[in-house]
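Structure first, then comments.
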Amino acid sequence: MTTAPRDLAFLRGLTQARTRSGSAATPLTRRDALRVAGLSAAALGLAACGVQGRGAAAPPQKDAVAGYWADKKQNGTLRFANWPLYMDKDGKRYVTLESFTKETGIQVEYQEAIQDMSTWFGKIQPQLAAGQDIGYDLMVMTNGIQLGRAVALGYLVPLDHARLPNFAANAGDTFKNRSYDKGNVYTIPWQSGVTGIAYNPKYVDGEVTSIQELWNPKYKGKVGMLLDNQEIANFGLFALGIDPDKSVEADWRKAGQKLQEQRDAGIVRKYYENDYVDALVRGDIWMCMAWSGDVYQQIAEGQDLKFVVPQEGATIWTDNMCIPKTARNPVDALAMMDYSYKPEIAANLAEYINYITPVPGTQALLKDRAAKASGDDKEALDLLAASPLIYPSDADMARLRSYKTLTSAEEKVFEGIFQPITQG
Amino acid sequence: MRRRIAPYLLVLPGGLWLIAFLVVPLVFMASVSTQEGDIVNGFAQTFRFANFADALTEYRTQFLRSAGYGLAGTVLTIALAYPVAYWIAFKAGRRKSTYLLLVLLPFFVSFVLRTVSWKFLLADDGILLQPLKSAGLLAQDFHVLQTTAAVVGGLTYNYLPFMVLPIYVALERVDPRVVEASQDLYASRLTSFTKVVLPLSLPGVFAGVLMTFVPMTADYVNAAILGGPANTMIGNIIQTEYLVNNDYPAGAALSFTLMAAMLIGIFVYARALGTENVLEAAAR
């Protein structure tokens, strides 16, 4: 909510019948102005707290990049907000950040400030709307509804690709030009992950290959689904053989029906946020929608779990680095973005984070490191370099789809269909 | 002169605090609740009171469910708290404060953490259910988590001290000589409890109900952590509307509807139980 004064067209809305488009409003006369001024203090109080929007997403101006970056200088500090366990760590030291500081002289204040997208967006939205510093120059946002809103509201800085040579040279083709940000205007990937199916072979017989297993009445009360509207919608669509990216409203309704059947049959134990991992490990659920990196970390810790990309398809999502429009040190942020695309650095990150790295060249590097290492280290590195969860096979890649980018109007429809299923 | 100003000076800090952080946000939220629009295009004040009707019709189930859970939880806390408070007030002797501290001890641990610990306790193959299942006392697919029982249980557990304390305070004030007098007049122990002690402790129960029913009904943590698909409470919906959908008008309309419903409920309840009783207790 902003407390910025509303425009006069809005104040008119208080005294006149509002037309749907608002275009029929007549120019404000002095009388009108007086009448507005005479409104009770309460009404003014009410008027002051509308939430200012920005209208539909305007494509960035051609000179927006140059215009923004022309007078920006490196300041030697960077405030970086990221998700937990998303930066390689040795004891209490962030190795990559230290080497970054050594190389560039930029001091990094690193915070694991982001737990989930909706809460994060809820936190920064009022400040960005008011044009205030959010306390960070670089943040990592997952593609999806909130990132779409941030772009549409003009909260992100258009990137100067002239300063991102490592990104251009080393990013995998699948990580450039993603549908949610064509041409990487505002974002470049930090890490990617797959939403697939995880299961516990202790309870589930045989191999799971099909998404239909999530509808198998045999597992009544033992299946976990994700709470997120888009995640669950995608799985409903995959189950019906529909590509989410190309889906339309009629498809969503069919998917909603399919998911409702699953719930009504008592198959779904719960619609989880990120707490599904514990439930899966403890045996409360036997099979669930899951994020690849979570499952890989459990496997690496010795848990007997399996992760599959179902034959019908699965979702690939990407956490993206982006710069909020109120950043104080945007040049430093850009330097960090590019630094993470150096193959050596990306390999260090991949080794620790266990999600899909946007730098495919790291696989060879990790194999090299494995060859030189011995004992447990070697085993861990071999597992990593060969893991289809970190380096998905081409066959897996071909089955992966992105979230659909929704307009505000579509979001409402979407919520109306899927929220009653997860929160009915 | 100074005497006349002093009371106002006393109320000034608290009053300003309430105006800044309660009244102003409430006015803002009231305004938002009748606006229209979405986060990208902005919200505009159109005095759309249909937001309230929409909120009620769309989420009737969750409203009723929350009230039901709040009621069940309140009744359960009374059943559990009264004997505890009674025992501490009359039978605990010199160790009263120790036992009171024990009642409060859970508050030293975060609310969320306490609730999460239930997940470990009640896991399908956890320390509680696994032995019972192996002994054949429970069906293999029996589970507590993601059921209504788990949510109501969690609510009861988390709000229990809020019921114990006011009942204890009320019981503590009961003059033992009054009980003695009733027994001198040939009242049995039961009669002296139902006719003397219980009525005198009712203001405590009333206060306890206010302090548990209201937050229980608006709670969302227990349903989120312990509940399943069919346990969503109105608090969860409000959270989703605000934080996930960024549909501030819908969230605000829901919040105000909830507030109004609870105020009315409490008013009716206060009338039924007799406000004088409570005011009297407060004045004593």
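The values are calculated or read from the model by the stated rules, or taken from the named source; none is laboratory data. Values in this document were obtained by computation on a predicted structure and should not be read as measured data. Note: ideal-geometry Cβ built from the backbone for every residue, glycine included; neighbour counts use all protein chains shown.
One residue is enough: does region B:208-222 have a residue meeting the conditions in a helix (DSSP H, G or I), surrounded by fewer than 23 Cβ atoms within 10 Å (Cβ to Cβ) and among the polar types (S, T, N, Q)?
Checked region B:208-222: no residue is in a helix (DSSP H, G or I), surrounded by fewer than 23 Cβ atoms within 10 Å (Cβ to Cβ) and among the polar types (S, T, N, Q).
When you go through (1) among the charged types (D, E, K, R); (2) over 16 Å from B:Asp219 (Cα atoms); (3) part of a helix (DSSP H, G or I) one by one for B:Arg114, which number turns out not to apply?
Status for B:Arg114: all satisfied but (2).
Spot the failing condition for A:Tyr339; the list is (1) in contact with an Asp or Glu (Cβ under 9 Å, 6 or more places away or on another chain); (2) surrounded by 22 or more Cβ atoms within 10 Å (Cβ to Cβ), and only one is missed.
The single condition A:Tyr339 does not satisfy is (2).
Does region A:378-392 hold any residues that are farther than 15 Å from A:Gly293 by Cα and modelled with pLDDT under 85, and which are they?
Within region A:378-392, none qualify.
Anything in region A:77-121 that is within 14 Å of chain B (Cβ to nearest Cβ) and of a type in the set (A, V, I, L, M)? List them, or say none. Steps first, answer last, please.
Initially, region A:77-121 is screened for residues within 14 Å of chain B (Cβ to nearest Cβ), giving A:114-121.
Answer for region A:77-121, where residues must be within 14 Å of chain B (Cβ to nearest Cβ) and of a type in the set (A, V, I, L, M): A:Ile114, A:Met117.
Name the pairs: first residue in region B:136-164 and within 11 Å of chain A (Cβ to nearest Cβ), second residue hydroxyl-bearing (Ser, Thr, Tyr), Cβ to Cβ under 7 Å, at least 6 apart or on different chains?
Note: no pairs meet the criteria.
What helices (runs of 4 or more DSSP H) completely inside region B:29-108 contain at least 3 residues that are at pLDDT 95 or above and within 21 Å of the chain's Cα centre (by Cα)?
Details: elements: B:50-58, B:60-91, B:96-104.
Where helices (runs of 4 or more DSSP H) fall fully within region B:29-108 and carry at least 3 residues being at pLDDT 95 or above and within 21 Å of the chain's Cα centre (by Cα), they are B:60-91.
Would you list the helices (runs of 4 or more DSSP H) that sit entirely within region A:330-424 and hold 3 or more residues that are in contact (Cβ under 8 Å) with a residue 40 or more places away in the chain, within 14 Å of another protein chain (Cβ to nearest Cβ) and touching a helix residue (DSSP H, G or I) at 6+ places or on another chain (Cβ under 8 Å)? Don't jump to the end; show me each part of the working.
Details: elements: A:330-339, A:343-353, A:362-372, A:375-386, A:394-399, A:408-422.
Passing ranges, in order: A:408-422.
Condition check: over 30 Å from A:Glu415 (Cα atoms) and among the aliphatic types (A, V, I, L, M). Does B:Leu76 satisfy that?
On the way: over 30 Å from A:Glu415 (Cα atoms): yes; among the aliphatic types (A, V, I, L, M): yes.
Yes.
Of the residues that make up region B:121-144, is at least one part of a helix (DSSP H, G or I) and within 23 Å of B:Val84 (Cβ to Cβ)? Give the derivation first.
The first filter runs over region B:121-144 and keeps only residues part of a helix (DSSP H, G or I), leaving B:121, B:129-134.
Keeping just the survivors that are within 23 Å of B:Val84 (Cβ to Cβ) gives B:121.
Yes, region B:121-144 has at least one match.
Of the conditions (1) basic (Lys, Arg); (2) farther than 30 Å from B:Val151 by Cα; (3) within 14 Å of chain A (Cβ to nearest Cβ), B:Arg4 satisfies every one except a single condition; which number is it?
With respect to (1) basic (Lys, Arg); (2) farther than 30 Å from B:Val151 by Cα; (3) within 14 Å of chain A (Cβ to nearest Cβ), B:Arg4 is out only on (3).
A quick yes/no check of all residues on (1) more than 30 Å from B:Val144 (Cβ to Cβ); (2) not in a helix (DSSP H, G or I):
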position: A:Leu147; (1), (2): yes, no
position: A:Ala168; (1), (2): yes, no
position: A:Tyr180; (1), (2): yes, yes
position: A:Tyr186; (1), (2): yes, yes
position: A:Gly193; (1), (2): yes, yes
position: A:Glu207; (1), (2): yes, yes
position: A:Ile232; (1), (2): no, no
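Helices (runs of 4 or more DSSP H) wholly in region A:237-325 with at least 3 residues that are under 28 Å from A:Glu410 (Cα atoms) - which ones? Talk me through it step by step, then tell me what you get.
Values: elements: A:249-264, A:276-282, A:292-300.
Helices (runs of 4 or more DSSP H) meeting the threshold: A:249-264.
If you take the residues of region B:54-92 that are within 14 Å of chain A (Cβ to nearest Cβ), surrounded by fewer than 16 Cβ atoms within 10 Å (Cβ to Cβ) and not charged (D, E, K, R), which of them is nearest to B:Met262 (Cα to Cα)?
B:Leu64
Among (1) within 20 Å of B:Gly70 (Cα to Cα); (2) within 11 Å of another protein chain (Cβ to nearest Cβ); (3) of a type outside the set (Val, Ile, Thr); (4) under 22 Å from the mean Cα position of the chain (by Cα), which single condition is B:Ala252 missing?
Of the numbered conditions (1) within 20 Å of B:Gly70 (Cα to Cα); (2) within 11 Å of another protein chain (Cβ to nearest Cβ); (3) of a type outside the set (Val, Ile, Thr); (4) under 22 Å from the mean Cα position of the chain (by Cα), the odd one out for B:Ala252 is (1).
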